[in-house]
1. Could you grab me the full set of residues in region 65-97 that are open to solvent by 30 Å² or more (accessible area, probe 1.4 Å) and either assigned to a strand (DSSP E or B) or small (Gly, Ala, Ser) (or both)?
2. When you check ASP179 against the structure, is it closer than 21 Å to LEU52 by Cα, of a type outside the set (Lys, Arg) and more than 14 Å from the chain's Cα centre (by Cα), yes or no?
3. Just to verify a result, which residue in region 109-146, among those that are out of contact with any Lys or Arg (no Cβ under 6 Å at 6 or more places or on another chain) and of a type in the set (Gly, Ala, Ser), is most open to solvent (accessible area, probe 1.4 Å)?
4. Starting from residues that are among the aliphatic types (A, V, I, L, M) and open to solvent by less than 10 Å² (accessible area, probe 1.4 Å), keep the ones in region 211-226 and report whichever is farthest from the chain's Cα centre (by Cα).
5. Give region 177-186 a look and list any residue that's under 21 Å from GLY217 (Cβ atoms), in contact (Cβ under 8 Å) with a residue 40 or more places away in the chain and open to solvent by 30 Å² or more (accessible area, probe 1.4 Å), or say none.
6. Hey, can you tell me all the residues within region 11-64 that are in a helix (DSSP H, G or I) and modelled with pLDDT under 50?
7. Only one residue in GLU105, GLU124 is under 14 Å from the mean Cα position of the chain (by Cα), modelled with pLDDT under 95, outside any loop (DSSP other than H, G, I, E, B) and charged (D, E, K, R). Which one?
Amino acid sequence: MRLMPSRLPLSRLAVLAILPVLAGTAVLPAGAAIAQPGPVELFFETPYLAKLPSGTRLSYDYTHTTARKDLGDSFDETMQLTVVPAEEDASKQVAKVDIRRGEVERGAGPFPAMSNPLTLVLLEREAKEITDLSKGSPYYIRNRLRDALANAKVEPTRFDYDGKSVAGWKMSMTPFADDPHKQQLVEIINRRYEFLFSDEVPGGLYAMRVVTPQADGKAIIETSVTLSDQPAPAAVK
């Protein structure tokens, strides 16, 4: 998987950003205490970053592992999301993502400081990797990811963060399991995605895990992204 260009403009990711119009919000039955978000609401519409003061930095550990060289290189990266004032209007906030692999640094943004834009960056990477591996159409791959996100499974869960158990949501999907072009996608057809979100976690997104298994269940490609620490405090003005 190649590094992204120096800074991806928002337009490169716009094809994924249309997802909010494709699905509504799922709600628990009448009388339930907590409304369950729909997948698009959880992924794109919840204003996680609006709660963070300007200058806040969130760091994520990114690990990509492959079992064979023909599947690409294994590598580790650090992804840092920073909330900063917008250049055109300092009263508004935007978010940028900086990515470091060894001594090489790349980035993406700026994005509106609302939902966590790291989800868009990660999905753009996924679309490119699958396109490279399958030699298929990038438009077709993006459409499959779009459809899967609109219909992903969301369920309540708990996980450990900062030494305590927090309530959140697990979102999971297998975009290519029933794809009519299985012969071309080959091993990618069983790739599965899992995301963990929580309002108790700064930035909302706690972790993402993507696993591509063989027929015997052993992973041949695995990607994990995890919030690595507490957010750095806002910069002192």
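The values are calculated or read from the model by the stated rules, or taken from the named source; none is laboratory data. This structure is a prediction, so every number in the text was calculated from the model and none was measured. Neighbour counts are summed over all protein chains in view; Cβ atoms, including those assigned to glycine, are modelled from backbone coordinates with ideal geometry. Note: areas computed on protein heavy atoms with side chains; ligands, DNA, RNA excluded. Shrake-Rupley method; radii C 1.70, N 1.55, O 1.52, S 1.80 Å.
1. Step one: filter region 65-97 for residues open to solvent by 30 Å² or more (accessible area, probe 1.4 Å), giving 65, 67-70, 73-74, 76, 78, 80, 84-85, 87-93, 96.
The answer is THR65, ALA67, SER74, ASP76, THR78, GLN80, VAL84, PRO85, ALA90, SER91, GLN93, LYS96.
2. Numbers: closer than 21 Å to LEU52 by Cα: no; of a type outside the set (Lys, Arg): yes; more than 14 Å from the chain's Cα centre (by Cα): yes.
So ASP179 does not fit the description; no.
3. We begin by selecting, within region 109-146, every residue out of contact with any Lys or Arg (no Cβ under 6 Å at 6 or more places or on another chain); these are 111-126, 128-146.
Keeping just the survivors that are of a type in the set (Gly, Ala, Ser) gives 113, 115, 134, 136-137.
On the way: ALA113: 10, SER115: 24, SER134: 11, GLY136: 19, SER137: 52 Å².
The selected residue is SER137.
4. Initial filter on region 211-226 (among the aliphatic types (A, V, I, L, M)): 211, 215, 219-221, 225.
Retained after the next criterion (residues that are open to solvent by less than 10 Å² (accessible area, probe 1.4 Å)): 211, 220-221, 225.
Details: VAL211: 14, ILE220: 20, ILE221: 17, VAL225: 8 Å.
Among those residues, the one meeting the criterion is ILE220.
5. First, pick out the residues of region 177-186 that are under 21 Å from GLY217 (Cβ atoms): 177-179, 182, 185-186.
Next cut, in contact (Cβ under 8 Å) with a residue 40 or more places away in the chain only: 185-186.
Scanning region 177-186 gives a single hit, VAL186.
6. Our first condition is that a residue be in a helix (DSSP H, G or I); within region 11-64, this holds for 11-17, 19-21, 39-45, 48-51.
The answer is SER11, ARG12, LEU13, ALA14, VAL15, LEU16, ALA17, LEU19, PRO20, VAL21.
7. On the way: GLU105 fails: under 14 Å from the mean Cα position of the chain (by Cα).
Sole residue among the options that is under 14 Å from the mean Cα position of the chain (by Cα), modelled with pLDDT under 95, outside any loop (DSSP other than H, G, I, E, B) and charged (D, E, K, R): GLU124.
Yes or no, residue by residue, for (1) without any contact (Cβ under 8 Å) to a residue 12 or more places away in the chain; (2) out of contact with any strand residue (DSSP E or B) (no Cβ under 6 Å at 6 or more places or on another chain); (3) crowded, with 18+ Cβ neighbours inside 10 Å; (4) hydrophobic (A, V, I, L, M, F, W, C):
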residue: GLU155; (1), (2), (3), (4): no, no, no, no
residue: PRO175; (1), (2), (3), (4): no, yes, yes, no
residue: ARG191; (1), (2), (3), (4): no, no, yes, no
residue: SER198; (1), (2), (3), (4): no, no, yes, no
